[in-house]
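Q: Before we start, here is the structure in question, set down as structure tokens.
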Amino acid sequence: MNEALLTLHLSGAVGATLYRRLLQRFGSPETAVKASRRDLEQVPGIGPVTSKAIAEAAARQPAAALHWIS
């Protein structure tokens, strides 16, 4: 599983629609999770709460979560 995709999922704020919009704007999940909150908020449907959730999820170590899943 892609670590950046897992990060977006674990944020608890990104569903299918926002995921598609993030991919349209940034091109990949990896680029999206590295984006600044300001850049994230340029995506329709993402405001301060959602950008904060994504940034906080990106700051955590999703690879550690993968260890428990596999």
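The values are calculated or read from the model by the stated rules, or taken from the named source; none is laboratory data. Predicted model, so just to flag it, every value in this text is computed and none were measured. When we count neighbours, we look across all protein chains shown, and the Cβ atoms used for this are built from the backbone with ideal geometry, even at glycine. Accessible surface areas use protein heavy atoms only, side chains included; no ligands, DNA or RNA. Shrake-Rupley method; radii C 1.70, N 1.55, O 1.52, S 1.80 Å.
Q: Which condition number does Leu6 fail, the rest of (1) touching a residue at least 60 places away in the same chain (Cβ under 8 Å); (2) open to solvent by 70 Å² or more (accessible area, probe 1.4 Å) being met?
A: Among (1) touching a residue at least 60 places away in the same chain (Cβ under 8 Å); (2) open to solvent by 70 Å² or more (accessible area, probe 1.4 Å), Leu6 violates only (2).
Q: Turning to a different aspect of this structure: For a quick check of your reading of the model, give me the residue pairs whose first member lies in segment 22-50 and is within 15 Å of Thr7 (Cβ to Cβ) and assigned to a helix (DSSP H, G or I), whose second is among the polar types (S, T, N, Q) and at pLDDT 95 or above, with beta-carbon atoms closer than 8 Å and at least 6 apart or on different chains.
A: Qualifying pairs under 8 Å: Arg37/Ser51; Leu40/Thr50; Leu40/Ser51.
Q: Does segment 10-18 include one or more residues that are surrounded by 19 or more Cβ atoms within 10 Å (Cβ to Cβ), of a type in the set (S, T, N, Q) and either in a loop (DSSP other than H, G, I, E, B) or free of Cβ contacts under 8 Å to residues at least 12 places away in the same chain (or both)?
A: For segment 10-18, residues surrounded by 19 or more Cβ atoms within 10 Å (Cβ to Cβ), of a type in the set (S, T, N, Q) and either in a loop (DSSP other than H, G, I, E, B) or free of Cβ contacts under 8 Å to residues at least 12 places away in the same chain (or both): present.
Q: Does segment 1-37 hold any residues that are of a type in the set (Lys, Arg) and in contact with a helix residue (DSSP H, G or I) (Cβ under 8 Å, 6 or more places away or on another chain), and which are they?
A: Arg25, Lys34, Arg37
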